[in-house]
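Read-outs throughout are calculated quantities, based only on the coordinates presented, and are distinct from any laboratory measurement. This structure is a prediction, so every number in the text was calculated from the model and none was measured. Here the Cβ positions follow ideal geometry from the backbone for every residue, glycine too, while neighbour counts run over all protein chains shown.
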Amino acid sequence: MRLRHSHELSAAFRGQLFAFLADAFDGDFGADDFDHALGGVHVIAFGTEDAVVGHASVVQRQLIVQGENVPGGRVLRTGYVEAVAVDAAYRRRGIGDALMHQVDGIVARAYDFGALGASDDGRRLCLRHGWERWSGPLGVLTQSGVQSTPDDEGAVLVLRTPETAEIDTDGRLICEFHRGDVW
């Protein structure tokens, strides 16, 4: 496992990483998805001949939580997890667990809160690591106000830190807008 900030990745390596992620996500990973994974810390697992066999990144986002125990809402400095993938030939060997162990540590040391949008396979992995399903409504902050994102409900997971242990996952969670999938 190696930790690298996006600024440490050469253009050639970013190209290799994009190709790895597109392949790992069976072609369901585009330029917007890759853009979301940049700007933070990358956790990279390498196999033979320095080929990437696993990846996750943690980028900073601001999420707003609203609920009974948060009058008026609270803005959280969030470690948002993006582009978690393991090469198909290396799955079920503990690489995903090792990636998430590193991710959990980054979130715990550097952020108030962790969040991610999980696939079915990813959800099981993250739940084993103490992540929780956000059970309340979700929204995105746009230029015209907050818009609900009901299609994402059930897929957003959070990791509370000691600073956010009191947050009720039944409240409303709002992310800022960006191109592509907002969660």
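The fraction of all Cα pairs in the range 65-126 landing in successive 10 Å bins from 0 to the largest distance is 19, 42, 27, 9, 3, given as whole percents.
Among the GluC sites (Glu not before Pro) in the range 80-183, those placed in a DSSP loop whose Cβ has at most 11 other Cβ atoms within 10 Å are E166. Entry for the range 23-66 at q = 0.15, 0.20, 0.33 Å⁻¹: log10 I(q)/I(0) = -0.51, -0.80, -1.14, Debye formula applied to identical alpha-carbon scatterers, no solvent contribution.
Placing +1 on the Cβ of every Lys and Arg and -1 on the Cβ of every Asp and Glu, with nothing else charged, gives the range 78-183 a dipole about its Cα centre of roughly 400 debye.
Rounded to the nearest 20 debye, the dipole magnitude of the range 1-101 is 400 debye, with +1 charges on Lys and Arg beta carbons, -1 on Asp and Glu beta carbons, and the Cα centre as origin.
Counting only Cβ charges, +1 for Lys and Arg and -1 for Asp and Glu, the dipole size of the chain around its Cα centre is about 460 debye. Distance distribution P(r), the range 66-178, all Cα-Cα pairs, bin width 5 angstrom from 0: 2, 11, 21, 23, 19, 12, 7, 3, 1, 0 percent. Stokes-Einstein at 25 °C, 0.890 mPa s, Kirkwood radius from Cα pairs: D for the range 1-146 in µm² s⁻¹? Rounded, D is 151 µm²/s. Applying a length cut-off of 15 Å (Cα extent along the axis) and a mean Kyte-Doolittle floor of -1.0 to the DSSP H helices of the chain leaves 11-24, 95-110.
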